[in-house]
Amino acid sequence: MGLLSDPNRRKALTNLLTRLNAPICMVCYLAAIVWFMGLAFEPFTLRTYMSENAMGSTMVEERFSSGERALSLAKEFDAHKRKAGGMPVEWLVKAMQARGLEVFTQSFSRKLPFPDENKERYMVRGTNVYGILRAPRAPRTEALVITAPCSPGNSDNQAVGLLLALAQYFRNQIFWAKDIIFLVNEHDLIGMQAWLEGYHHTNITGMEYSPLQGRAGSIQAALSLELSSDVITSLDLILEGLNGQLPNLDLANLFYAFCQKLGVLCTIQGKLQRNDWDTAEGYTHAAQTMMLMVLKQACGRSWGDHGLFLRYHIEAASIRGINGFRHYKMDVATIGRLLEGMVRKLNNLLERLHQSYFFYLLPSLSRFVSIGYYMPAFGLLAVILLLRVSFPGLDHFTFFNPSGPGVLTVLTPVVISHLTGVALYLLPVHLQEMAVEHFPVSETEAVVLTAVAIYTAGLALPHNTQRLLSGEGTEQGWKVLKLTALLYLAVLLGCTALINFSLGFVLAVTLVPITASMTPHMPKALSALAMVLLSPAFTILYCVFIYQELIEAPVSVGEGWMLFLSVISQGILDHALYGSLVYPLLALFIYPCWLMFWNILFWS
Amino acid sequence: MAFSLDTNCGLLNHNIIGPIYCTSTIFPPDILITQFWFNYRHVANTLSVYRSVKRLGIPDSHIVLMLADDMACNYRNPKPATVFSHKNMEFNVYGDDVEVDYRGYEVTVENFLTPRSKRLLSDDRSNILIYLTGQTGNSHGGNGFLKFQDSEEISNMELADAFEQMWQKRRYNELLFIIDTCQGASMYERFYSPNLMALASSQVGEDSLSHQPDLAIGVHLMDKYTFYLLEFLEEVHPASQANMNDLVSVCAHRVSVSPGHHTDLFQRNPGSVLITDFFGSVRKVEITKDTINLTSSVKSGSGDMQIESLTYVDQLPVAEIIHQKPKQKDWHPPDGFILGLWTLILLVFFQTYGIKHLKHIF
């Protein structure tokens, strides 16, 4: 008979799992870490290739040459921006109309839940300006979007200048099969969110905006341009979007192919590709690039203006021009040619990009790791949780034993933990006025410190709630609770990893060791310390420090702490403004789960 | 699916050839009426061969041209109303006098095999040329079938059966089948009718390669095999004596994949078959200054012509065909065997678990 249907063999298997439970869990954990780090090793990765036939191997000859015109337009834009103190709407409308586009504007306003100290805004009011280049012969069913942000100060003037020059050049061509929308958005992501919501007739974030007067069909792809200097040394590609969503890999392949063709240096995560994969430095370089991508994806922010397009199934990427300390510099005309080539290739598309991967990690621009290769790393961590579920002493029948603790006993810690989670989610924003009244802090600090306070208050829960419970201080009680909590954590992390692998993996790496090994019989002080140090909040703190290390801007502890607080405030703002799901996930699900294990630790 | 070429019988002149061109290129399953712009070269291939054949004398009434895409009027064509087959846009093969019989969505397997209108009016003295270009299966795989419009296929068996039906109804004298796709040789593997010659641009497992990209239009303009084929055809004029062996060897060494040819079914020696038998319309004209008396019997003075007319190939060498090439059929196990097998299974079941379970079933 089979392995699992034969009672003898089943007993032998369970005995094996029982005896070697801890060693197997350790091996699985180490294997997961090693597997993850090994993903960046070049022989284990695949070379990127263009999967979409319509964007095939033929290139066209790019003829864009109006670099000078782009720069003069940039200067004009800058001058008008200073004069208007914001977006120079009339000048932009006139400039786009002079180039033969159909121009429309959209005004929007939004009151943030609390002031954003990083960008120094609270009541945001702005206007988006966009011009539509109609395809000469095609029906108006599909569109491409090219956007440049209108940023305060000296940034991104050249991007708008290049946008206008490209619009003029494109207007003279007759081979466009899709409409092209040239969008200049104000207040970066907020303006972009307003425009996208207006375009798709949705309102998911409570923004107020005027409806869009002009429309161009369903958007197939979008490119966002950030250019702040007249000459550049390299182009950086930004792919990570909201909630860790990534565009189709074909877009990155397209960018890379054109960079190769025009001889432009291209980077990802700001790092240039290296050829020496068999040396230690080469491997660490690739591993650092991949770790940066993982961290950026895990935090669920949109790292460029393109990130908000992904929610609407529009493949989008941001291209940022960087002026570094290199000898060889490129002018705006080259970037214009690159964009012309990319848009012309996107013009050839007949369907949305779907042939290549949607889930991948990039250790460099020319190598990628697909979901089939990186998911086992998470799978090994999830297996640990499931192995612990089958830990002995958790006899199957006690759960239904009426004399033992019922479901109700377990329910109490669960409910209280989740109520704390709800408090962590709702109270910081709602109680900010009260906090500002009583304490000498600004609103942002009030929100963040309230969140930290509620988080810490949760640590005191077990002592208080156990007074409410009656007659449960038995061995069976905590085992049932641990069973529930382990299953809950496994399901939670599994679902998270499917949507946002990086977030799931980062949480699993810190949560799985402590939760798998947590029992009330361990030394209290030491395990309490371990639990706190590996709690979700500290995970975020470690990620902040690692991120700063990886971008070669290491911070001291004090600065790290301030960064940590700003990360929390940004997380809450992202959730309120754009619908990012990281903060609700952490507050409403991960934190209560961790609290349940904290309850188990202090079970008495 | 009925696939008989049931055409009206028309009296045609000696040696007039009716070629069929088919371009079966993929169509997107999209709602939009956009085409696969990157398959520009298939249309350019077909139009170039069409032009060569017209140049060699075949009239439009004897040509069926099927183009599945409209490249000339595609929104992405920087030079609308033109299709170029040579880079630097030297020669517009679309022109003013192209007569497309089936265009766009009309190019289907059914219209190819059983056309409702614009039929091929051929009889048993016609030589037919069929030129197919397009995609077999996916771009990297699949052999034995040719895609029509991305939603239909014609398999090599269907083609072979269609040609057999044509043969049975005496619709052709000799047939030349040229296919320029990846793994093209798989399409002629199953032919079994006589007097068929087939040429393909690549063997099974090989891909057919494109030839020239044009940087202004942004697509490849022609496939390698067709390019060399046309180069060869440019040198052919109506009085040319080039034969099939020259055609077969035109591409053998210059491209990286190996074109295939299948001449087993052909009754005549390929070396003795003129290119113009298929590609051109050649009238045999004998100029004489003598008067020929047509009322008397043609024994004297026209012995040559009589002997010529007697050198026709045997139309229905039935005996040879029947004994040499058996019809291929898929083997099914006999019905009795299946019945016995199930009875055995039921008996074993009831024996193991007891006859008392029978009452639960009946």
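Taken together, the values in this text are just the output of simple stated rules run on the coordinates, not laboratory data. Please read these numbers as outputs of a predicted model, since none were measured by experiment. Note that we place each Cβ from the backbone using ideal geometry, even for glycine, and neighbour counts take in every protein chain shown.
Coupling constants for the range A:175-190 follow from the phi torsions by the Karplus curve (6.51 cos²θ - 1.76 cosθ + 1.60, θ = phi - 60°), and in residue order they are 9, 7, 9, 10, 5, 10, 9, 9, 10, 10, 10, 9, 6, 4, 5, 5 Hz; glycine and proline get x.
If you take all other residues with their beta carbon under 14 Å from the beta carbon of A:L16, and give Lys and Arg +1 and Asp and Glu -1, the sum is +4. Phi-derived couplings, Karplus 6.51 cos²θ - 1.76 cosθ + 1.60 at θ = phi - 60°, listed residue by residue for the range A:379-389: x, 5, 5, 5, 4, 4, 4, 5, 5, 5, 4 Hz, with x used for Gly and Pro.
Starting from one equal scatterer on each C-alpha and no solvent at all, send me the Debye-based log10 I(q)/I(0) for the range A:58-365 at q = 0.13, 0.15 Å⁻¹, two decimals. The computed values of log10 I(q)/I(0) come out as -0.93, -1.27.
Calculate the FRET efficiency for B:Y353 and A:L13 from the Cβ-Cβ distance with a Förster distance of 25 Å, rounded to the nearest 0.05.
Numbers: r = 30 Å, r/R0 = 1.19.
So the FRET efficiency works out to roughly 0.25.
Length gained on full extension, A:I546 to A:H354, computed as 0.36 nm times the residue gap minus the Cα-Cα distance: 65.8 nm. Segment A:T279..A:S107, full-extension length gain: 56.5 nm, with 0.36 nm per residue of separation and the alpha-carbon distance subtracted.
In this label model, B:T263 and A:L487 are separated by 7.6 nm, measuring between points 7 Å along each Cα→Cβ vector.
Entry note, chain A: relative contact order of 17 percent, from Cα contacts under 8 Å with a spacing of 6+ residues.
The H on the amide N of A:N185, modeled in the peptide plane, is under 5 Å from the matching H of A:A148, A:C150, each at least 5 residues off or on a different chain.
Projecting label points 7 angstrom from Cα along Cα→Cβ for A:L411 and A:V452 puts them 3.8 nm apart.
Evaluated at q = 0.15, 0.20, 0.25 Å⁻¹, a Debye calculation over the C-alpha positions of the range A:481-580 (equal weights, vacuum) places log10 I(q)/I(0) at -0.78, -1.16, -1.30. Taking all Cα pairs closer than 8 Å and separated by 6 or more residues, the relative contact order of the range A:58-365 comes to 23 percent.
For the range A:16-64, run through the trypsin sites (Lys or Arg not before Pro) and keep only the ones in DSSP coil with at most 14 other Cβ atoms within 10 Å of their Cβ. Here the sparse-neighbourhood loop sites are A:R63.
Can you give the angle from 0 to 90° between the axis of helix A:67-84 and the longest principal axis of chain A, with both taken from C-alpha atoms, to the nearest 10? The angle comes out at about 70 degrees. Between their Cα atoms, which of A:K479/A:K524; B:K54/B:K224; A:K178/B:K224; B:K79/B:K224; A:K75/A:K119; A:K271/A:K329 are more than 27 Å away from each other? Violating the 27 Å limit, Cα to Cα: A:K178/B:K224.
With a Förster radius of 30 Å applied to the C-beta separation of A:Q213 and A:R171, the computed FRET efficiency comes to 0.90.
Of all aspartates and glutamates in the structure, those lying under 19 Å Cα to Cα from A:K482, and not within fewer than 8 positions of it along the same chain, are A:D395, A:E472. In this Cβ point-charge picture (+1 for Lys and Arg, -1 for Asp and Glu), the range A:58-365 has a dipole of about 600 debye about its Cα centre. Annotation: amide H-H contacts under 5 Å for A:S234 (H modelled 1.01 Å from N, sequence separation of 5 or more, or interchain): A:I322, A:G324. In order along the range A:96-113, the phi-based Karplus estimate (6.51 cos²θ - 1.76 cosθ + 1.60, θ = phi - 60°) of 3J(HN,Hα) comes to 5, 5, 4, 9, x, 9, 8, 9, 9, 10, 9, 9, 8, 8, 8, 9, 6, x Hz; Gly and Pro are listed as x. Estimated from the Cβ-Cβ distance and a Förster radius of 45 angstrom, the FRET efficiency linking B:D96 and A:S72 is about 0.45. By the Cβ-Cβ criterion of under 4.7 Å, the unpaired cysteines of chain A are A:C25, A:C28, A:C150, A:C299, A:C495, A:C543, A:C593. When A:S566, A:S356, B:S186 are arranged by Cβ crowding within 10 Å, least crowded first, meaning fewest neighbours, the order is A:S566, A:S356, B:S186.
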